[in-house]
Amino acid sequence: MKRDLIVGRMQPVHKGHLNVIQETLDEVDELIIGIGSAEKSHTLSNPFTGGERVLMLTKALREYDIDPSKYYIIPLEDIACNSLWVGHVKMLTPPFRKVISGNALVKQLFAEENIPHKQPHLFNREEYSGTEVRRRILNNEDWQSLLPKSVVKVIEEIKGIERIRNIAQKEVSEIAYEKKTNQN
Ligand code: ATP
Ligand code: MG
């Protein structure tokens, strides 16, 4: 059984994630999709909860007509100790052959446990990037075209845009407050 693991924070799920998942599914029997930093939410770089990202991914995979018997969606919480992280992931996931991730630390940690790694082929990386999606949301630019339609719907349902804007305002006012108190 060819079963691989792909990991991403997916803040939010975008078309790059869907493209790499589709491409990988042509090469394997089953794919485990790990949602990284699952416990994080409500910050500018991690606005959505693990559960909200499960919802986005489930809806997007359905929109792309991907056979549900071919994948497992597993939320993966971070742990404080990097050296134990691979064991933590193995505890939570079905057995897998290799890991697909563009993250240098993920690659390093799996290599140290002798688990093969594959660098994903990147699709339209200038646009299909979580950082770019979040930047566009904050700047009132077109972010919708970078996401599957079903993910746009989930973000609307959970009032995700208001959340990101509120967090940004809060962070800006906190920085201004810190500057002011440092000057006094
Ligand atoms: P962020 O900018 O928030 O870090 P990201 O776009 O890098 O978001 P992540 O949630 O960090 O996405 O997930 C990273 C993983 O998702 C990569 O290791 C890769 O497997 C996949 N991925 C992300 N963007 C693309 C893309 N454009 N094409 C193919 N795979 C992608
Ligand atoms: Mg990333």
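The values are calculated or read from the model by the stated rules, or taken from the named source; none is laboratory data. Owing to the predicted nature of the structure, the values given are computational and were not obtained by experimental measurement. Every residue, glycine as well, gets a Cβ built from its backbone with ideal geometry; the counts of neighbours run over all protein chains shown. Just the protein is used for accessible areas: all its heavy atoms, side chains included, with ligands, DNA and RNA removed. Shrake-Rupley method; radii C 1.70, N 1.55, O 1.52, S 1.80 Å.
Order Thr43, Thr131, Thr93, most accessible first, counting only protein heavy atoms with a 1.4 angstrom probe.
If we order Thr43, Thr131, Thr93 from most to least accessible, we get Thr131, Thr43, Thr93.
Counting only protein heavy atoms, what percent of the accessible surface of the chain is carbon or sulfur at a 1.4 Å probe? Mind showing how you got there, number by number?
Values: 5190 of 10160 Å².
Taking all protein chains in place, the chain shows 51 percent carbon and sulfur surface.
Which loop GluC sites (Glu not before Pro) in the range 1-54, with loop taken from DSSP, have no more than 16 other Cβ atoms within 10 angstrom of their Cβ?
Working: sites: Glu23, Glu27, Glu30, Glu39, Glu52; in loops: Glu27, Glu39.
Within the range 1-54, the qualifying GluC sites (Glu not before Pro) (loop, at most 16 other Cβ atoms within 10 Å) are Glu27, Glu39.
What dipole magnitude, in Debye to the nearest 20, does the chain give about its Cα centre under +1 on Lys/Arg Cβ and -1 on Asp/Glu Cβ? Intermediate results must be reported in sequence, preceding the final value.
Working: 26 positive and 26 negative charges, 55 e Å.
Roughly 260 debye for the chain.
At a Förster radius of 35 Å, what calculated FRET efficiency corresponds to the Cβ-Cβ distance of Glu141 and Asn182, to the nearest 0.05?
Details: r = 33 Å, r/R0 = 0.94.
That pair, Glu141 with Asn182, gives E of 0.60.
Filter Lys2/Lys90; Lys15/Lys59; Lys40/Lys159; Lys59/Lys170; Lys15/Lys153; Lys159/Lys180 down to the pairs with a C-alpha to C-alpha distance above 21 Å, please. Don't jump to the answer; show the numbers that get you there.
On the way: Lys2/Lys90 16 Å; Lys15/Lys59 13 Å; Lys40/Lys159 17 Å; Lys59/Lys170 31 Å; Lys15/Lys153 14 Å; Lys159/Lys180 32 Å.
Lys59/Lys170; Lys159/Lys180, as the Cα separations exceed 21 Å there.
How high is the FRET efficiency between Glu174 and Ala80 when r is their beta carbon distance and R₀ equals 25 Å, given to the nearest 0.05?
Working: r = 25 Å, r/R0 = 0.99.
Here the calculated transfer efficiency is 0.50.
How much area per residue is accessible in the chain when the probe is 1.4 Å and only protein heavy atoms are counted (Å²)?
55
Grab the Cα-Cα distance for Arg165 and Met1, subtract it from 0.36 nm times how many residues apart they are, and report the gain in nm with one decimal.
Full extension of this stretch gives 54.6 nm more.
Can you give the relative contact order of the chain as a percent, counting alpha carbon pairs under 8 Å and 6+ residues apart?
Numbers: 256 pairs, mean separation 50.9, N = 184.
For the chain, the relative contact order is 28 percent.
Kindly state, to the nearest 0.05, the FRET efficiency for Glu27 paired with Ile115, given R0 = 22 Å and r defined as their beta-carbon distance.
Details: r = 17 Å, r/R0 = 0.78.
Efficiency, rounded to the nearest 0.05: 0.80.
Stick to the Cα atoms of the range 3-182, pair each with every other, and give me the Kirkwood hydrodynamic radius in Å at one decimal.
About 17.2 Å for the range 3-182.
Relative to the first principal axis of the alpha-carbon coordinates of the chain, what is the inclination of helix 160-183, with its axis defined by its Cα atoms, in degrees from 0 to 90 and to the nearest 10?
50
In the calculated pair distance distribution of the range 1-101, what percentage of Cα-Cα distances lie above 20 Å? Working shown, then result.
Details: 1787 of 5050 pairs.
So the pairs more than 20 Å apart make up 35 percent of the total in the range 1-101.
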